[in-house]
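The block underneath contains the structure these notes are about, expressed in structure tokens.
Each value in this text was obtained by applying a stated rule to the coordinates, not by laboratory testing. Only a predicted model underlies this, so the values are computations on that prediction, with no experimental measurement involved. Cβ sites come from the backbone with ideal geometry, for glycine too, and all protein chains shown count toward neighbours.
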Amino acid sequence: MVEAIDLAAAQLIAERVRRRVAEHDWTPWGAELTMTVSIGAAAGPGRDARRLAQRADLSLYEAKRSGRDRVATVG
């Protein structure tokens, strides 16, 4: 079973992942290679995983619309 965390903790984890990907040295795979990620996270009461995943997906698209290489969340 996955342990639940609050939205603030999820945002901190997602931001750490985003930053590490952006700062990683990707040049061994290509001289000019850089990589970034956008991450969407959601939180809410209950155990409706499908609805929570849909909300996280909407957050991901919001992050991309906001300029990519971002974290977006919805509570």
| said: Just the number: Rg to Rh for the stretch 36-75, Cα atoms, Kirkwood Rh, two decimals. | reply: 1.03
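Contact order normalised by length for the chain, with contacts defined as Cα pairs under 8 Å and 6 or more residues apart; what percent is it?
This gives 34 percent for the chain.
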| request: Using a cut-off of 10 Å between beta-carbons, work out the net charge of the residues near ALA42 (Lys and Arg +1, Asp and Glu -1, ALA42 not included). | output: +1
| request: Using only Cα atoms, find the angle between the long axis of helix 7-23 and the longest principal axis of the chain, and express it within 0 to 90 degrees, rounded to the nearest 10. | output: 10 degrees
| message | Could you tell me the extents of the stretch 7-74's C-alpha atoms along the three principal axes, largest first, rounded to whole Å? | response | 46, 22, 18
| query | Near LEU33, within a Cβ-to-Cβ distance under 14 Å, what is the net charge of the other residues, with Lys and Arg +1 and Asp and Glu -1? | reply | -3
